[in-house]
Amino acid sequence: MIEKRALIIATLATLVWASIATGFAAYYYLEMVRYQKESNVNRQLLLGVANGYKEALGRQDLLLRDYNDLLGEYYMFTEENYSIFVEKYVQLLSNLGNNYTATINGSPELKEAYENLMNAIQNLKGQNIVTKDEFEPLLMEFNRLLKSIVAKELENLIGENTTIKVNLCIDYGNGTVRWYNVSTSPGASLFELTNQVAKIEYEYYQKMEPGHVLMKTINGVAPSPAEGKYWFWYYWDENSNQWVFGQVGCDAWTLRDNGTYRWIYKVWGDS
Amino acid sequence: MRNNNFNEASITLISVLTALCLAIQLTPRPPNVEFTSLFTFTVGFIFGSIVGGFFGGFVMFVNGFLSPWGFAGLNMPFQMAGMSLMGFAGGIYRKFAREFASSNFLMEAPILGAFLTTLYDLITNFGVAVLYYITGTPFSLALLTALAYGTPFSIIHVLSNAAVFGTLFFPLIKSVNILVDGDNK
């Protein structure tokens, strides 16, 4: 015969086990639901990227086919005057612009390259005689531009579906310091980030490398040659715990997740 | 065993146990590994349910403000209620306790410790659920979430307290009895 006291203790032990087992089952269930939700969100993101990727490659393919036709005609051409290709080239370039308007306008470098190409071909349009030496560089440049635009388009596509977080500090040099914690696209440059949080004016130098952008004003604060004050940028180095001066143009500096960046308006050489 | 009249030794002992309890409670330690439950249960066992209940409530009240895990906030009343229950149960158990040296008694202590710890965790997890509810979560979901996500901590708490009760309860009450009554049974 089991003693009543032993039965009570056994019941208490069973209650402990039941309580913990129930809690554990609930924990497991909630975790499963959470993982399932996260998995669905990630699957949707991947589907979005995959569909966008297919679409982007499809558009690139159409332009490449037109380009290929033009290139074929160009190689088969044996006469001296290449002006008959100018109109086709203008059409091809316009198609490129129409298909990738947002991408081109979103990148100062691509916009500059596109406009240069368009200006160059418009100049040739006015000429009666167009030589091979005049036309061929434009034809080759088109292919490079198309590749750069498509690469940027794919980069933007990833950026639309995932984000990184960065910190940006704007130090106006008069005691006013503003911090921004911003979500932005992977692959975005410091220039794009600054453009995202502040009203900016900049100058674009085609021949300056790496990076072509020189920041002129941020939120209305313009360079002061009389005082020798300009905008400079830095990034925060976690290993050495100090700000490191940015040697390249801000449009050539790709942001990293959780990176910290600073614009400071100061006299060159001042710490 | 002790007589029911409180003497200086009893009051001193309760004060020392309270200080010891708080010192251990406020010392940085792994989450949910604690000795307060054992001390509270023991105080209830030696001095009765009322003293045990007050002892547990007071320790958790002070702990609620000074704990290394931060201010207990809304959960403090639930922690006090849970620990008071622990002390109260010590007094109840005293009425049904057998000879200290019996093997049954040694088996009962860890199971009682585990059971009371489970009750304490259910009460404090309920407090967390109330907090979730106040911040806008539907009550059933808040309760499910609080109980479920409290379970991993609860497992550590129950297992550690079963071990603490199993190994320390018997030597502790023996020592305390000697101190209070000079009764060296």
Fill in the blank from the handout: Checking A:E141, A:E160, A:E153, A:E115 in turn, the sole residue that is in contact (Cβ under 8 Å) with a residue 40 or more places away in the chain and surrounded by fewer than 17 Cβ atoms within 10 Å (Cβ to Cβ) turns out to be A:E160
Handout entry: Of the criteria (1) touching a residue at least 40 places away in the same chain (Cβ under 8 Å); (2) of a type outside the set (A, V, I, L, M, F, W, C); (3) more than 13 Å from chain A (Cβ to nearest Cβ), which one B:T167 fails
Key = (1)
Problem - Members of segment A:209-229 found to be open to solvent by 60 Å² or more (accessible area, probe 1.4 Å) and assigned to a loop (DSSP other than H, G, I, E, B), listed by number - result: A:E209, A:P210, A:N219, A:G220, A:P225, A:A226, A:E227
Completion exercise
Counted residues in segment A:1-25 being farther than 22 Å from B:Y120 by Cα and in a helix (DSSP H, G or I) come to 4
Practice task
Could you tell me which residue of segment B:118-137 is farthest from B:G56 (Cα to Cα), considering only residues that are away from chain A (no Cβ under 14 Å) and open to solvent by 50 Å² or more (accessible area, probe 1.4 Å)?
Solution key: B:G136
Handout entry: Residue in segment B:43-66 that is of a type in the set (S, T, N, Q), more than 30 Å from A:V33 (Cα to Cα) and within 14 Å of chain A (Cβ to nearest Cβ) present
Key = no
Exercise for the section: Tally the residues that are under 19 Å from the mean Cα position of the chain (by Cα), over 21 Å from A:E115 (Cα atoms) and open to solvent by less than 30 Å² (accessible area, probe 1.4 Å), restricting the search to segment A:230-249. Expected result: 2
Exercise for the section: Go through the residues of segment A:186-193 one by one and say whether even a single one is surrounded by 15 or more Cβ atoms within 10 Å (Cβ to Cβ), outside any loop (DSSP other than H, G, I, E, B) and of a type outside the set (A, V, I, L, M, F, W, C). Expected result: yes
Practice task
Filter segment B:138-164 down to residues that are open to solvent by less than 40 Å² (accessible area, probe 1.4 Å) and in contact (Cβ under 8 Å) with a residue 60 or more places away in the chain and give me whichever is farthest from the other protein chains (Cβ to nearest Cβ).
Solution key: B:V164
Problem - Among (1) in contact with a Phe, Trp or Tyr (Cβ under 6 Å, 6 or more places away or on another chain); (2) open to solvent by less than 60 Å² (accessible area, probe 1.4 Å); (3) more than 12 Å from chain A (Cβ to nearest Cβ), the one test that B:P110 misses - result: (3)
Practice task
Within segment B:72-92, identify whether any single residue is in contact with a Cys (Cβ under 9 Å, 6 or more places away or on another chain) and in a helix (DSSP H, G or I), and answer yes or no.
Solution key: no
Problem - Matching option when the condition is at the interface with chain B (Cβ under 8 Å from one of its Cβ atoms), open to solvent by less than 90 Å² (accessible area, probe 1.4 Å), within 30 Å of B:A162 (Cβ to Cβ) and without any contact (Cβ under 8 Å) to a residue 12 or more places away in the chain, among A:A25, A:A13, A:A21 - result: A:A13
Fill in the blank from the handout: Counting only residues in segment A:28-59 that are within 14 Å of another protein chain (Cβ to nearest Cβ) and hydrophobic (A, V, I, L, M, F, W, C), the one most open to solvent (accessible area, probe 1.4 Å) is identified as A:M32
Handout entry: Candidate set from segment A:252-271 (those that are within 26 Å of the chain's Cα centre (by Cα) and open to solvent by 30 Å² or more (accessible area, probe 1.4 Å)); member that is nearest to A:N174 (Cα to Cα)
Key = A:R262
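The values are calculated or read from the model by the stated rules, or taken from the named source; none is laboratory data. Bear in mind the structure is a predicted one, so any value in this text is a computation, not a measurement. Please note: Cβ atoms are built from the backbone with ideal geometry, for glycine as well, and neighbour counts cover all protein chains shown. Each accessible area value is taken on the protein alone, full model and side chains, heavy atoms only, with ligands, DNA and RNA left out. Shrake-Rupley method; radii C 1.70, N 1.55, O 1.52, S 1.80 Å.
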